[in-house]
Amino acid sequence: MKELLKLTKNGSKVPYLTFSLAENKTLMFNWNGFLDVENIIKSHEQSLDLIKKHNVTKLVEDVRKFSGPFSKANDWFIKTYAPAVVKMGVTKTAVILNDNVFTQLSVNDLKENPEFKAIGLLYKVFNSEEDANEWLHETSTQSV
């Protein structure tokens, strides 16, 4: 896995997000700590350049070290981000969840939104990186 970019908050030495490029044109988001909606959106906007530059077709959002809700960003994901990544050729997104109830609720709100489902981006939630990678690299396009 090749590390592409680390993002940190002002005054912090610990990155809140590391982007890495994995095999089979997969961009990995490794989140760390509590983030506000503004930084979540800004980070995803930055990912668009990486997706385009590296011809990414799959995304992994590892939120096991993330805390807090991000439901207020879901409308932006549905209206702006998901259509943009689909247009660039992204077909699947795997989310590796943690035990934080607010993060889980935010992910499920997005996953179950009918508008989001209609975009055509396959989106599935996992408890382990191994399960996420297995699904991402299946040749089938079935989503559960």
Projected onto the charge dipole of the chain (unit charges on the beta-carbon of Lys, Arg, Asp and Glu, signs +1, +1, -1, -1), the Cα from 15, 50, 76 with the largest positive-side position is that of 50
To the nearest 20 debye, the chain has a Cα-centred charge dipole, built from +1 on Lys and Arg Cβ and -1 on Asp and Glu Cβ, of 460
Any lysines whose Cα falls less than 21 Å from that of residue 6, other than same-chain ones fewer than 8 residues away, would be 25, 42, 52, 53, 58, 65
Under the helix-only model (-39500 (n - 2.57) for each DSSP H run of 4 or more, divided by the residues of the chain), the mean residue ellipticity at 222 nm, to 500 deg cm²/dmol, is -9500 deg cm²/dmol
Listed by chain and number, the residues whose amide H is under 5 Å from that of residue 96, excluding neighbours fewer than 5 places away on the same chain and using placed H, are 61, 62, 63, 126
On the formula 1/(1 + (r/R0)^6), with r taken between the Cβ atoms of residue 49 and residue 131 and R0 of 22 Å, the FRET efficiency rounded to 0.05 is 0.15
Connecting every pair of Cα atoms under 10 Å apart in the chain and solving the GNM, the largest mean-square fluctuation among 25, 111, 53 falls on 53
For residue 67, other-chain or 5+-apart residues with amide H closer than 5 Å (H placed, Pro excluded) are 33, 34, 35
Largest fluctuation, 119, 51, 96 only, Gaussian network model of the chain with Cα springs under 10 angstrom, belongs to 119
A student applying the Cα gyration tensor rule (rounded when a/c is under 1.5; otherwise prolate if a/b is larger than b/c, oblate if not) would label the chain rounded
antiparallel share of DSSP beta bridges within the stretch 1-136, to nearest 5, in %, is 40
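Laboratory data are not the source of any read-out in this text; all were calculated from the coordinates shown. Computed from a prediction, not measured in an experiment: that's the story for all the values here. All Cβ positions, glycine included, derive from the backbone under ideal geometry; neighbour counts span all protein chains shown.
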